[in-house]
Amino acid sequence: MSQPTDGSAKPITYRESGVDIDAGNALVEAIKHVARSTSRSGADADLGGFGGLFDLKRAGFRDPVLVAANDGVGTKLRIAIDTGRHGTIGIDLVAMCVNDLVVQGAEPLFFLDYFAVGKLDVATATAVISGIGEGCRQAGCALIGGETAEMPGHYQGADYDLAGFAVGAVERGEILPRPDVAIGDLIIGLPSSGIHSNGYSLVRRLAAEEKLGWDAEAPFAPGSTLADALLTPTRIYVKPVLAAIEETGGAADGPIKALSHITGGGLSENLPRVLPPTVAATVDLTSWRAPAVFGWLAKAGRLPDTEMLRTFNCGIGMIAVVATDGADAVLASLTAAGECPVIIGEITPPAGERSAAKGKGDAWAVTYEGILKFNG
């Protein structure tokens, strides 16, 4: 091993360049219990190897098709960083991935995270990853690995970034959406917990326009700070939705024909993604009342319903397209699982000729009746 030629010169170590290997090792030890708490059939959910292992046979699958999804949490992360509230942002990260898996009828199996930071703070990272663990427990998937990257000079101050990657599986004959979505099928909506994790660049802009600090009382949630209200985590719909599919006859033959996770683009763009080109949808905006936060956003931004509906979930976080004769059973199953489902519309003939080549969205395929109503 070479030595410095000048006895007075000190080595420039990795730590002195801004990367603390010992802190990284301390983080791994601090979060091992989080991974263990998410253990499930097919995964031991322990950390430390070069890759995470998952046994599909042990998980009970016969002829599985793997489904993968990755996502982040957008600029909602900025609020968590600026306010030092890191405990729930990991739930959002998991939710944005696993809710995308379940719409194809897939059961989430395992999750991996990517946490990148300028200088690793073990307490902050532990809080974030503990939230990821909570999200995995809610979704029934195992946290089997991830990556922590300390990159001085690339991220400044306390800034960090998050990305998540989830893999699920579905039996080959049970993939959703089904091609038999038909005119007359009902649209069932599941309430959101608020804004979830989309539209926060606009949310932050409106908070600045209203001259509201993050510790100010939320104008739509008396008794709560604006930061706490806006950091309400994204709901995870996996367990109630999978239970409803199973309890009502399965994805291949049961009444649930399609599911849609309402994220960026809102109802206008996400619902048409699961519809065949032979149909459209009519949604009754008076069938539910959106959480008060959406009323505040609409007022602060002077936003018409059309803009609200293509930016935010407006109170509906997940949608199921259901055969009429099975709707009561689906509603009963979802209610028994703690959801508050509501019929918000139906599948209708298209106003014009739809084309499968129009790509995701086809927002014009959704017709709205009534105007949005807000709580508060």
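For segment 49-207, a Kirkwood radius taken over Cα pairs fed into Stokes-Einstein (25 °C, viscosity 0.890 mPa s) yields D = 142 µm²/s. When the helices of the chain are scored as -39500 (n - 2.57) per DSSP H run of n ≥ 4 and the total is divided over every residue, the value at 222 nm lands at -9000 deg cm²/dmol. Would you please classify the overall shape of segment 227-309 from the alpha carbon gyration tensor, given that a ≥ b ≥ c denote the square roots of the eigenvalues, rounded means a/c under 1.5, and beyond that prolate means a/b larger than b/c while oblate covers the rest? Verdict is oblate for segment 227-309. Return the lysines within reach of Lys76: Cα separation strictly under 19 angstrom, same-chain partners fewer than 8 residues apart disregarded; answer none if there are no such residues. Partners found: Lys211. Here the Karplus relation 6.51 cos²θ - 1.76 cosθ + 1.60, evaluated at θ = phi - 60°, turns the backbone of segment 81-87 into coupling constants of 5, 5, 9, x, 9, 10, x Hz, with x for every Gly and Pro.
According to the square roots a ≥ b ≥ c of the eigenvalues of the Cα gyration tensor, what is the shape class of segment 220-365, taking rounded for a/c under 1.5, prolate for a/b larger than b/c otherwise, and oblate for the remainder?
Values: a/c = 2.17, a/b = 1.22, b/c = 1.78.
Verdict is oblate for segment 220-365.
Most simply put, the chain has about 75% antiparallel DSSP beta bridges, counting only bridges with both residues inside it. The lysines within cross-link reach of Lys239, meaning a Cα-to-Cα straight distance under 19 Å and a gap of 8 or more places when in the same chain, are Lys257.
Quick check: from the Cα gyration tensor, does segment 146-248 come out rounded (a/c under 1.5), prolate or oblate?
Oblate, because a/c is 1.5 or more while a/b does not exceed b/c.
Normalised by the number of residues in the chain, the mean separation of alpha-carbon contacts (under 8 Å, six or more apart) gives a relative contact order of 20 percent. The spacing between segment 52-75 and segment 272-319, judged by their C-alpha centroids, is 30 Å.
Coordinate-derived values only; no laboratory data. Remember, it's a predicted structure, so these values are computed and weren't measured experimentally.
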